[in-house]
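Read through the structure below, which is laid out as structure tokens, and then see the notes.
The values are calculated or read from the model by the stated rules, or taken from the named source; none is laboratory data. As the structure is a computational prediction, the values presented were derived from the model and not from experiment. Please note: Cβ atoms are built from the backbone with ideal geometry, for glycine as well, and neighbour counts cover all protein chains shown.
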Amino acid sequence: MTVLAVQEPSLVVLCGPAGCGKSTFAARWFRETEVLCADTVRGWLCDNPAEQGINESVFEVLHRIAELRLANGRLTVIDATNLEASARLPLRQLARRARLPSHLIVISADLETIRERNQRRDRRVDDGVLRGHLHMVEHLDAALEKERWGRIDRIDAQQLESAEVVRTTLPPVRFEEEGPFDVVGDVHGCLSELDTLVRELGYDEDGEHPEGRRLVFVGDLVDRGPDSVGVLRRVLPWVEQGRALFVPGNHDDKLARWLHGRAVKVTGGLATTVGEWQQLSAPEERLLRRRFLAVMKEAPHYLWLDGGRLLVSHAGLEERDHGRTGDAVSAFCLFGKTTGKVIDGYPERLDWAADYEGAAYVAHGHVPVRLPQWRNRVADIDLGVVFGGDLCAMRWPEKTFVTVPAEKAWWGGGRWGAAEPADTMTPSDEATAG
């Protein structure tokens, strides 16, 4: 049995020749209101579901309804051949603008199968059209290599009847995770302070709490402080074994990009972590690299917890993007709301929390502040421990703060209440961070 995991909400696009079973499959696994069928729209517009002469109007209507459904956070399935790149492009754009995943399901078939099924259809398609569709399917892989789909599944028409669709929530949405939690601010390699805070919160050395509480890290585990490698060795096992939760910060993201061999500037805070990394033995380096990159690959850019009452992100997240995903959402979670301009070496930030009116409480770090406090249900818990401030945890659902002081100022030059230096962002990041 083939199992297709469909995220909810998302845009699901069916792609395949006429007669391959797309509509039957859609009717079996999706609600009638979730499926937008091109033939149905043709019937709405001219009472003839087979009329091809009004395709421009048909897809204008179909795209508009899909846009509105996605804006409302509804799973939307597009039932059409979608074999031409020009048909798929506006659909990918709809999903990107809605900040929701795009999922292409490609259904292949042989000529004999679709001929036989075509004969059973009320609206038969000319044999030449069927052959043309199969020709496009044969050349589809080359086209899809150039297209950015969130996910592509391929299935043969003969497997459709036994296929099963399983609905899953988006990775950041963990409403079933009810806590209680202790959300820890930016650690930045300050291992000793982390150990002190964790003990004060009541956790043992394995990251377990006698009352069943769980640690949640807002990211920036590394850079600037004295022992970034030690922090990873401490935290990664807790995350791997499900005893702690983690969302990445921009410094964690930059380290991951460096480990993947991408072009990043090894300056500032990253240089301290790279220096530690290069002191590891080859076996230690391979193991830590594998574990860190595995955790980074699985970590969502934010966590929406406790029935939607608490959201945790490195740099926060505006309410309109709660329950959304995509490049723009990820950039906001890593860097906050920026204008794209750099002033005195720092990206110019916008104070999104000043206007926040969301229902969920939001805990974040990224911008070092002197004292933790709730403002419009938003709490910045980066107290600049690496600059000589405190390491902070927000206790949930109590909404209280626990802090421990830095043992010393490990890194100079930090700006309180400011953004991260611009070298922690890539040019593409700066372009999308707003």
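Among what's in the range 158-191 and is among the aliphatic types (A, V, I, L, M) and within 20 Å of Ala315 (Cβ to Cβ), pick the residue that is nearest to the chain's Cα centre (by Cα). Steps first, answer last, please.
First, pick out the residues of the range 158-191 that are among the aliphatic types (A, V, I, L, M): 160, 163, 165-166, 170, 173, 183-184, 187, 191.
Now restrict to residues that are within 20 Å of Ala315 (Cβ to Cβ): 170, 173, 183-184, 187.
On the way: Leu170: 8, Val173: 10, Val183: 20, Val184: 21, Val187: 22 Å.
Among residues in the range 158-191 that are among the aliphatic types (A, V, I, L, M) and within 20 Å of Ala315 (Cβ to Cβ), the one nearest to the chain's Cα centre (by Cα) is Leu170.
(1) in a helix (DSSP H, G or I); (2) touching a residue at least 12 places away in the same chain (Cβ under 8 Å): which one isn't true of Ala271, the others all being true?
Condition (2) is where Ala271 drops out.
Those residues that are part of a strand (DSSP E or B) and either among the small types (Gly, Ala, Ser) or touching a His at 6+ places or on another chain (Cβ under 9 Å) (or both), I need them from the range 244-268; list them, please.
Hit for the range 244-268 is Ala244, nothing else.
Could you grab me the full set of residues in the range 332-380 that are under 22 Å from the mean Cα position of the chain (by Cα) and of a type in the set (Val, Ile, Thr)?
Thr338, Thr339, Val362, Val367, Val378
Within the range 50-64, can one find any residue that is in contact with a strand residue (DSSP E or B) (Cβ under 7 Å, 6 or more places away or on another chain) and at pLDDT below 95?
No, the conditions are met nowhere in the range 50-64.
Pairs please, first residue from the range 11-27 and aromatic (Phe, Trp, Tyr), second anywhere and surrounded by fewer than 24 Cβ atoms within 10 Å (Cβ to Cβ) and assigned to a helix (DSSP H, G or I), Cβ atoms under 6 Å, 6+ apart in sequence or on different chains.
Cβ pairs passing all conditions: Phe25/Leu160.
Considering each of Arg74, Arg97 in turn, give the residue that is in a helix (DSSP H, G or I) and modelled with pLDDT of 95 or more. So that I can check it myself, show each step before the final result.
On the way: Arg74 fails: in a helix (DSSP H, G or I).
On inspection, the qualifying residue turns out to be Arg97.
What's the number of the condition Val239 fails, among (1) surrounded by fewer than 12 Cβ atoms within 10 Å (Cβ to Cβ); (2) among the hydrophobic types (A, V, I, L, M, F, W, C); (3) touching a Leu at 6+ places or on another chain (Cβ under 9 Å)?
Looking at each condition in turn, Val239 falls short on (1).
Among the residues of the range 44-65, is any touching a residue at least 40 places away in the same chain (Cβ under 8 Å), surrounded by fewer than 21 Cβ atoms within 10 Å (Cβ to Cβ), on the phi < 0 side of the Ramachandran plot and of a type in the set (A, V, I, L, M, F, W, C)?
Looking only at the range 44-65, we keep the residues that are touching a residue at least 40 places away in the same chain (Cβ under 8 Å), and these are 49-50.
When the remaining residues are screened for being surrounded by fewer than 21 Cβ atoms within 10 Å (Cβ to Cβ), the result is 49-50.
Still in the running and on the phi < 0 side of the Ramachandran plot: 49-50.
Right, trim to of a type in the set (A, V, I, L, M, F, W, C) and you get 50.
Looking for residues that are touching a residue at least 40 places away in the same chain (Cβ under 8 Å), surrounded by fewer than 21 Cβ atoms within 10 Å (Cβ to Cβ), on the phi < 0 side of the Ramachandran plot and of a type in the set (A, V, I, L, M, F, W, C), one finds at least one in the range 44-65, hence yes.
Could you list, in sequence order, the residues of the range 322-369 that are touching a residue at least 40 places away in the same chain (Cβ under 8 Å) and small (Gly, Ala, Ser)?
Gly323, Gly326, Ala328, Ala331, Gly336, Gly340, Gly345, Gly358, Ala359, Ala360, Ala363, Gly365
I'd like the residue in the range 286-341 that is of a type in the set (Ser, Thr, Tyr) and buried (at least 18 other Cβ atoms within 10 Å of the Cβ) and, out of all such residues, is nearest to Asp220 (Cα to Cα). I'd like the intermediate steps shown before the answer.
Here is the first cut: in the range 286-341, the ones of a type in the set (Ser, Thr, Tyr) are 302, 313, 325, 330, 338-339.
Retained after the next criterion (residues that are buried (at least 18 other Cβ atoms within 10 Å of the Cβ)): 302, 313, 325, 330, 338.
On the way: Tyr302: 13, Ser313: 11, Thr325: 20, Ser330: 15, Thr338: 18 Å.
Per the stated criteria, the residue is Ser313.
Before we move on, is Thr168 in contact (Cβ under 8 Å) with a residue 12 or more places away in the chain and assigned to a strand (DSSP E or B)? Don't jump to the end; show me each part of the working.
Values: in contact (Cβ under 8 Å) with a residue 12 or more places away in the chain: yes; assigned to a strand (DSSP E or B): yes.
Answer is yes for this residue.
Which number in (1) acidic (Asp, Glu); (2) in contact with a Ser or Thr (Cβ under 7 Å, 6 or more places away or on another chain); (3) more than 28 Å from Glu319 (Cα to Cα) marks the one condition that Glu60 misses?
Among (1) acidic (Asp, Glu); (2) in contact with a Ser or Thr (Cβ under 7 Å, 6 or more places away or on another chain); (3) more than 28 Å from Glu319 (Cα to Cα), the lone unmet condition for Glu60 is (2).
Before we move on, is Arg92 part of a helix (DSSP H, G or I), over 30 Å from Ala360 (Cβ atoms) and of a type in the set (D, E, K, R)? Talk me through it step by step, then tell me what you get.
Working: part of a helix (DSSP H, G or I): yes; over 30 Å from Ala360 (Cβ atoms): no; of a type in the set (D, E, K, R): yes.
Answer is no for this residue.
Can you tell me which residue is surrounded by the most Cβ atoms within 10 Å (Cβ to Cβ) among those in the range 103-148 that are at pLDDT 95 or above and in a strand (DSSP E or B)?
Ile105
Can you work out which of the residues in the range 192-222 that are crowded, with 20+ Cβ neighbours inside 10 Å, without any contact (Cβ under 8 Å) to a residue 60 or more places away in the chain and not in a strand (DSSP E or B) is nearest to the chain's Cα centre (by Cα)?
Leu221
Only residues that are among the charged types (D, E, K, R) and either surrounded by fewer than 16 Cβ atoms within 10 Å (Cβ to Cβ) or under 20 Å from the mean Cα position of the chain (by Cα) (or both): list them for the range 70-102, please.
Step one: of the range 70-102, the residues among the charged types (D, E, K, R) are 74, 79, 84, 88, 92, 96-97, 99.
Of everything in the range 70-102, those that are among the charged types (D, E, K, R) and either surrounded by fewer than 16 Cβ atoms within 10 Å (Cβ to Cβ) or under 20 Å from the mean Cα position of the chain (by Cα) (or both) turn out to be Arg74, Glu84, Arg92, Arg96, Arg97, Arg99.
So for the range 190-213 (the condition being touching a Pro at 6+ places or on another chain (Cβ under 6 Å) and among the basic types (Lys, Arg)), does at least one residue qualify? Walk me through how you get there before you give the answer.
Looking only at the range 190-213, we keep the residues that are touching a Pro at 6+ places or on another chain (Cβ under 6 Å), and these are 213.
When the remaining residues are screened for being among the basic types (Lys, Arg), the result is 213.
Yes: one or more hits.
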